[in-house]
Amino acid sequence: MSERVSGPGGENLLFLTDVQLRKGIEAMFYAYRGFTADPDRILSRHGYGRAHHRAVHFINRWPGTTVNNLLGILGVTKQSLNRVLRTLIEDGLVESRVGHRDKRERHLFLTERGSALEQALSDAQRSRMRAAYRRAGPEAVAGFRQVLEAMMDPEMQRQFEGSCERVR
């Protein structure tokens, strides 16, 4: 059970018990399993995993992004990202182009096949999210978004806000 207590400025503060917080953590785990289940099935047919999904997602959101920018967004090692990108490039889903201003930079773009895979993956996730949002209602959706953003580190929040400005 939660307890509302007035804070110093008169605002209501919500205090949750450890049991409630653990239930929230477990709900996140199960929701994430549900959120990734459909894309996982699609990815497995191609021999890909979630790292491939994340790369394809952000290359779609930021066409022409550099490898270094993608490293920052994903928060993975260069070795790990290179393994994923090599597979996606060899399979014809991602194209790597030399930078115009800096020849050392590699700019990443989805090919037609890459766009088709990204569309299938995002269609599945948007469908699940749309259904959940409809069931929960607009106030719950707004609260959910606030909770997600509050859990982000400042750098993650900055990246997220930048991606929201660029709706695709």
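Number of residues in segment 17-47 that are under 25 Å from Gln119 (Cα atoms) and either of a type in the set (Lys, Arg) or assigned to a helix (DSSP H, G or I) (or both) equals 19. Restricting segment 71-91 to residues that are over 17 Å from Leu121 (Cβ atoms) and in a loop (DSSP other than H, G, I, E, B) leaves a set whose member that is farthest from the chain's Cα centre (by Cα) is Thr77. All conditions but one from (1) touching a residue at least 12 places away in the same chain (Cβ under 8 Å); (2) within 17 Å of the chain's Cα centre (by Cα); (3) part of a helix (DSSP H, G or I) apply to Asn68; the one that does not is (2). Taking segment 117-145 as the range and being within 15 Å of the chain's Cα centre (by Cα) and among the acidic types (Asp, Glu) as the test, the residues that pass are Glu118, Asp123.
Checking each residue in segment 92-110 for being without any contact (Cβ under 8 Å) to a residue 24 or more places away in the chain and assigned to a loop (DSSP other than H, G, I, E, B) picks out Gly92, His100, Arg101, Asp102, Lys103, Arg104.
Contact map, segment 133-149: residues that are modelled with pLDDT under 95 paired with residues that are assigned to a helix (DSSP H, G or I) and of a type outside the set (Phe, Trp, Tyr), Cβ distance under 8 Å, separation 6+ or inter-chain. Pairs shown: Phe144/Ala136; Glu149/Gln157. Within segment 91-106, the residues that satisfy the criterion of being closer than 14 Å to Val56 by Cα and surrounded by fewer than 18 Cβ atoms within 10 Å (Cβ to Cβ) are Asp91, Gly92, Glu95, Ser96. Of the residues making up segment 118-168, those that are among the basic types (Lys, Arg) and surrounded by 10 or more Cβ atoms within 10 Å (Cβ to Cβ) are Arg126, Arg128, Arg130, Arg134, Arg145, Arg158. Residues in segment 100-109: is at least one in contact with a Leu (Cβ under 9 Å, 6 or more places away or on another chain), farther than 21 Å from Arg33 by Cα and at pLDDT 95 or above? Scanning segment 100-109, I find at least one residue that is in contact with a Leu (Cβ under 9 Å, 6 or more places away or on another chain), farther than 21 Å from Arg33 by Cα and at pLDDT 95 or above, so the answer is yes. Taken together, the criteria exclude Asn60 from residues that are among the polar types (S, T, N, Q), within 20 Å of the chain's Cα centre (by Cα) and surrounded by fewer than 16 Cβ atoms within 10 Å (Cβ to Cβ).
The values are calculated or read from the model by the stated rules, or taken from the named source; none is laboratory data. Nothing here was measured: the structure is a model prediction, and the numbers come from that model. A quick note on method: Cβ atoms are made from the backbone with ideal geometry, for glycine too, and the neighbour counts reach across all protein chains shown.
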